[in-house]
Amino acid sequence: MKTDLNVNFAGIKLKNPVLTASGTFGYGYELADLISLNELGAIVTKTITLESCDGNLQPRIAEVESGILNTIGLQNIGVRAFIEGPLEKLSKIGVPVIVSVAGSSPSEYIETAEILSMKNGISAIELNLSCPNLKKRIICHDLRLVSEIVRGVKNVSKLPIIAKFSPLVTDIVEIVVVAQDSGVDGVTLANTYPAMAIDIETFKPKLSTFKGGVSGACIRPMSVRCVYDAYQSIKVPIIGCGGIMTGEDAIEFILAGATAVSVGSSSLVSPKNLIKIICEIKDILERKNIKSVKDIIGIVNKSLG
Amino acid sequence: MYKRVDKNYRIVYNKKVQSHYFELKIKVGDVYKSCSPGQFFMIGVPGVFLRRPFGICDADDGEGGCVSFLYKVVGKGTKILSNIKSGMLQLLGPLGKGYDLEPLVNIIVCDNDACDNSNNVIVAGGTGIASIHFLASRLKNKSTLYYGAKSESDLLYLDNFRKLGWKVVLSTEDGSKGYKGYITDILSKQLKKRDTLFACGPTPMLKEILEIARKKNVLGFASLEEKMACGLGNCQGCAVKINRQNKMICKDGPVFKVEDIEL
């Protein structure tokens, strides 16, 4: 049986549930010579801010067991340069484009989202409410701020709004419910985990900012748990994210409740892994005679009654 | 524009050349033709998460097209790699922008007090010798190699450079071969204004070289390194300031003009 991989995420039609993860795929068009970009479910850009941002000092990357620790610090060219350059190339690829947005205050989020929403070629905005690499606090540690940003952005934008959260919150359910009540159209669970690694030769932290965010295969079970908990409490769809290396990993997130998944670290290892994951999802579901990937979203919850 | 390929290739050999140093030769077919000095490949090593960047040490048409890499066993990844003697490896490349092989200085009109020809001066520190080795075979004007290492057992490929026609100046930190001290000590005395500089080595050495080049108004190129995850510009891990702008070592470099680098 041929399995249908189409999903509808907050009104966006995706030909398959595999997305790039923000911050791991550049502005989205640069790898056209290495993989067929139009085979992807959607492209999520790296996070864009109102003004350009230099990012953090070196070193920014450290490898850990089965993962990567990073402190890039949202290096990007700023929303206006993004619109003039990358956006035009992105919109020609022929897959939905989701632009990741961050700011240092609610008004920056809102203004950036407003500027983007006036442009064609964008299918949704993903609010990065969770980057752990800004010197100030992580926004999603403050429920009032989350609500203020989501409501503010919804007021200025007709695009579907997705909120991406840090997994390091007291209660993931509480925060996704607040986001849903504030009008969000979907959530991404989850970003990297705050983490640290130390060089035992130099006795110094391996990152310039001492702490960073860890991603990769090592975080997957913890992020699957976030998706599972959130699915039981909200109606809006979930993008599962965290250490997806194979089709099996992606299906695990979908079974826990994700409508789509985003792949990051694995595509840094090789961009071809994105296409491999799509093929593997199809192979596994066909082997199990599943008619549509939609049929298995969140069914681990249902099987528990 | 790009001729980079992401593929499994066969190992021709992976052998110890000296103490902790290994040479890895991979059959890449026609891909060798698009390799230029200063470029690198990301190589997947089973058992570690990320691929590792390796500078191209040589590329030729032998056995239907091969690239070679020189590496020192320094950590878990290179340790595992050094034990793989045959089979396939995942390689992505060639990546990045290499050295400019056209002379930078010859076009300047000769004035009275500096009328000698421009010479190519190549400088290597430690495993920086890998990309300098490839470069040495492709530069037309062969003048002097300045090569510094910790000890005699860390000096590699000396015969190859001599056979190619390079004058070789050596230094070791322990004095076991050549000048005792840093290679930059000699370079600072011998580098001439009209020389074109090509350098690859550890960051402290490059900082020193940039200083020398600035003082003497010498033009040239240096190859930089930083930790990187993807080699393609996507992770933005290897950002460096070039002419006050953020550039990616993996994509915009690793080779930059000496006068533009801010280390």
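Checked against the criterion of being under 30 Å from A:S270 (Cα atoms) and touching a residue at least 60 places away in the same chain (Cβ under 8 Å), the stretch B:207-221 contains one or more residues that satisfy it. On the basis of being within 12 Å of chain B (Cβ to nearest Cβ) and on the phi > 0 side of the Ramachandran plot, does A:L74 make the cut? So A:L74 passes the test. Exactly one residue out of A:G264, A:G298, A:G257 is buried (at least 24 other Cβ atoms within 10 Å of the Cβ), more than 29 Å from A:E63 (Cβ to Cβ), touching a strand residue (DSSP E or B) at 6+ places or on another chain (Cβ under 9 Å) and not aromatic (F, W, Y), and it is A:G257. Scanning the stretch A:231-290 for residues that are more than 14 Å from every other protein chain (Cβ to nearest Cβ), in contact (Cβ under 8 Å) with a residue 60 or more places away in the chain and part of a helix (DSSP H, G or I) gives A:Y231, A:A250, A:I254, A:I277, A:I278, A:I281, A:K282, A:L285, A:E286.
Among residues of the stretch A:117-145 that are modelled with pLDDT of 95 or more and part of a helix (DSSP H, G or I), none has a beta-carbon under 6 Å from a residue that is hydroxyl-bearing (S, T, Y) and surrounded by fewer than 16 Cβ atoms within 10 Å (Cβ to Cβ) at least six positions away or on a different chain.
When you check B:A149 against the structure, is it surrounded by 14 or more Cβ atoms within 10 Å (Cβ to Cβ) and within 17 Å of B:Y99 (Cβ to Cβ), yes or no?
Working: surrounded by 14 or more Cβ atoms within 10 Å (Cβ to Cβ): yes; within 17 Å of B:Y99 (Cβ to Cβ): no.
Taking the combined requirement at face value, the residue does not satisfy it.
Quick one: which strands (runs of 3 or more DSSP E) lie wholly within the stretch B:24-99 and hold at least 1 residues that are of a type in the set (V, I, T)? Because the criterion is at least 1 residues that are of a type in the set (V, I, T), the strands (runs of 3 or more DSSP E) in the stretch B:24-99 that meet it are B:40-44, B:52-60, B:66-72.
In the set B:K247, B:K227, B:K257, only one residue is touching a strand residue (DSSP E or B) at 6+ places or on another chain (Cβ under 9 Å), free of Cβ contacts under 8 Å to residues at least 12 places away in the same chain, at negative phi and more than 9 Å from chain A (Cβ to nearest Cβ); that residue is B:K247. Scanning the stretch A:220-254 for residues being aliphatic (A, V, I, L, M), over 21 Å from A:G23 (Cβ atoms) and either surrounded by fewer than 24 Cβ atoms within 10 Å (Cβ to Cβ) or more than 16 Å from the chain's Cα centre (by Cα) (or both) gives a total of 3.
Among the residues of the stretch B:73-96, what is the count of those that are in contact (Cβ under 8 Å) with a residue 60 or more places away in the chain, touching a Phe, Trp or Tyr at 6+ places or on another chain (Cβ under 9 Å) and either surrounded by fewer than 17 Cβ atoms within 10 Å (Cβ to Cβ) or within 23 Å of B:L156 (Cα to Cα) (or both)? If you could, list the steps in order and put the result at the bottom.
The initial filter retains those residues of the stretch B:73-96 that are in contact (Cβ under 8 Å) with a residue 60 or more places away in the chain, namely B:81-82, B:84-96.
Then drop every residue that is not touching a Phe, Trp or Tyr at 6+ places or on another chain (Cβ under 9 Å), which leaves B:81-82, B:85-86, B:88-96.
Imposing the further condition that a residue be either surrounded by fewer than 17 Cβ atoms within 10 Å (Cβ to Cβ) or within 23 Å of B:L156 (Cα to Cα) (or both) reduces the set to B:81-82, B:85-86, B:88.
Matching residues across the stretch B:73-96 total 5.
Looking only at the stretch B:178-216, count every residue that is surrounded by fewer than 17 Cβ atoms within 10 Å (Cβ to Cβ) and either basic (K, R) or over 15 Å from B:N119 (Cβ atoms) (or both) and tell me the total. Even if it seems obvious, please write down each step before you answer.
Start the filter on the stretch B:178-216 by keeping residues that are surrounded by fewer than 17 Cβ atoms within 10 Å (Cβ to Cβ), which leaves B:179-181, B:185, B:188-190, B:192-193, B:202-204, B:207, B:211, B:214-216.
Restricting the remaining residues to those that are either basic (K, R) or over 15 Å from B:N119 (Cβ atoms) (or both) gives B:179-181, B:185, B:188-189, B:192-193, B:202-204, B:207, B:211, B:214-216.
Total meeting the criteria: 16.
The values are calculated or read from the model by the stated rules, or taken from the named source; none is laboratory data. What you are looking at is a predicted structure, and each value in this text was computed from that prediction instead of being measured. Note that each Cβ is placed from the backbone with ideal geometry, even for glycine, and that neighbours are counted across all protein chains shown.
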